[in-house]
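S.K.: One structure, pasted below without further comment.
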Amino acid sequence: MSTTNNIYKEDVDFAALALQDAEFAKALKLNGQLDFSNPESVQQLTKSLLKRDFGLKISLPPDRLCPPVPNRLNYLLWIQGLLDTTSDNYADTYDPKREVLGLDIGTGASCIYPMLGCAQRPNWRFAGTDIDEKSMQFAKTNVQQNGLQNRIKLLQTQKSDPLLPLDMMKFESIDFSMCNPPFYESKADMLTSSATKQRPPFTACTGSESEMVTLGGEVQFVSRMITESLILKDRVQWYTSMLGKFSSVAVLVQRLRDEGIGNYAVTEFVQGSRTRRWGIAWSFEDLRPKMELTRAVTSIPKNLLPFPVEYQVPFTNRGEAGHVGELINHTLAELPLKWMWKSDIATGLGFSEKAVWSRAARRQQIMKKDENRMEEDDEDDLALGFKICIQGTVDGQAMNMVTIRWIKGHDSVLFESFCGMLKRKLEGARGSSQAP
């Protein structure tokens, strides 16, 4: 996962925070450390970070989960990345004008995800649900005292209600859902897990049973979300969930694959040296996020990772960049596909309805002489979208790189075929230039 915008890449500097927040200074021990066994001290850390870094004020009961801010921010940044790299403008960057609506399933007493999201992005709105009445009361208080009533809509649900109650909330569609589900299958499971840890960093924040335990654990909880998503489909662009157990990742990925869902992402959230969580996301749409967001778990079997959406062709002569760009542009401009090349930034964007580069397609094209038809096709109807960039120095080495990124489509074979064609063209041109 990219950490470009993560202000908590390193552990929190308690001394600096104490100088900036008098209430946190009172919570520190004489040696400058925080007593993680003291619930009030841990709560104060969360309150002080939210106040200093996001201008948020929250109230928390002593018997509900106290969310660690860095961990929660990691998850939110990942979702931002998924949305930014699967937007209709294909820019791969944050669009401040884009209006986004997200759903936080089990928002908790803090309502931290909706409030963090609103603090970071002015055009984002949220809905939040929870089955716990006390948590919902505190969540509403937190929303009100931060003046976010017009941007965060809360709904108390029942266990029998859908996890994704779009119809109950009168939403035709939303951009994403997020969830930090109960990790454990039972109280015994929770105690066993705690016993294996030397010192869980936020142990003092004891959550309620509904926050910590659910029948079947997080695997069954997220499986229920998958089942609901099979009905809702593209009414939600990205379904996501955080996971507390590494063993859950492979099980849930296999469930997605069994259901024929090929556009998914997995990642790992690491905070300092203590906290490790995982994330899973899936979409029924054909917009493909950047690979750094989708394949960030290296310890699961490779066959369970999403299909690689980037293909690279290196070339060593830095002076060749302009020539390579001209070759790519010339090659694709001759094919019956939508193609635009910007030489000043060495980047091109293209769309095709099929493998128009194959021999059979070229013969058919010659027979039909239908060169203008592709100009009339809408990008939404095309089977493959791709972006091509020529990069400069890579990893400190004087090696240029052509990167082909899959940005749209469900057919991985089509993308592979396109990459193979372009690689042959580039390597053929290189061979010709080196021939005596």
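The values are calculated or read from the model by the stated rules, or taken from the named source; none is laboratory data. This is a predicted model, so every value here is computed, not measured. Note that we place each Cβ from the backbone using ideal geometry, even for glycine, and neighbour counts take in every protein chain shown.
S.K.: Can you tell which of Ala91, Ala109 is free of Cβ contacts under 8 Å to residues at least 24 places away in the same chain, within 25 Å of Ser177 (Cα to Cα), part of a loop (DSSP other than H, G, I, E, B) and among the hydrophobic types (A, V, I, L, M, F, W, C)?
M.R.: When all the criteria are applied, what remains is Ala91.
S.K.: Restricting to segment 238-287, count the residues that are among the polar types (S, T, N, Q) and either within 17 Å of Phe307 (Cβ to Cβ) or not assigned by TED's automatic domain parsing to the domain that holds Ile79 (or both). Before you say what the answer is, go through the steps one by one.
M.R.: Residues of segment 238-287 that are among the polar types (S, T, N, Q), as a first pass: 240-241, 247-248, 254, 263, 267, 271, 273, 275, 283.
Applying the additional criterion that residues be either within 17 Å of Phe307 (Cβ to Cβ) or not assigned by TED's automatic domain parsing to the domain that holds Ile79 (or both) yields 254, 263, 267, 283.
So the answer is 4.
S.K.: Kindly establish whether Arg276 is at pLDDT below 95 and of a type in the set (D, E, K, R).
M.R.: When the stated conditions are applied, Arg276 passes them.
S.K.: Can you name the residue in segment 5-42 that is among the polar types (S, T, N, Q) and part of a loop (DSSP other than H, G, I, E, B) and is also farthest from Leu77 (Cα to Cα) among such residues? So that I can check it myself, show each step before the final result.
M.R.: Looking only at segment 5-42, we keep the residues that are among the polar types (S, T, N, Q), and these are 5-6, 20, 31, 33, 37-38, 41.
When the remaining residues are screened for being part of a loop (DSSP other than H, G, I, E, B), the result is 5-6, 31, 33, 37-38.
Details: Asn5: 8, Asn6: 7, Asn31: 33, Gln33: 28, Ser37: 29, Asn38: 29 Å.
Per the stated criteria, the residue is Asn31.
S.K.: Let me ask something additional. Would you point out the residue of segment 281-301, among those that are surrounded by 19 or more Cβ atoms within 10 Å (Cβ to Cβ) and β-branched (Val, Ile, Thr), that is farthest from Asp88 (Cα to Cα)?
M.R.: Only one residue fits best here, namely Val297.
S.K.: Looking at Val222, Val297, which is the one that is modelled with pLDDT of 95 or more, touching a Ser or Thr at 6+ places or on another chain (Cβ under 8 Å) and either part of a helix (DSSP H, G or I) or on the phi < 0 side of the Ramachandran plot (or both)?
M.R.: Of the residues listed, the single one that is modelled with pLDDT of 95 or more, touching a Ser or Thr at 6+ places or on another chain (Cβ under 8 Å) and either part of a helix (DSSP H, G or I) or on the phi < 0 side of the Ramachandran plot (or both) is Val222.
S.K.: I'd like the full set of residues that are at pLDDT 95 or above and out of contact with any helix residue (DSSP H, G or I) (no Cβ under 9 Å at 6 or more places or on another chain), limited to segment 44-73.
M.R.: Correct list: empty.
S.K.: Regarding Arg72, is this residue surrounded by 13 or more Cβ atoms within 10 Å (Cβ to Cβ), under 22 Å from the mean Cα position of the chain (by Cα) and among the charged types (D, E, K, R)?
M.R.: Against the criterion (surrounded by 13 or more Cβ atoms within 10 Å (Cβ to Cβ), under 22 Å from the mean Cα position of the chain (by Cα) and among the charged types (D, E, K, R)), Arg72 qualifies.
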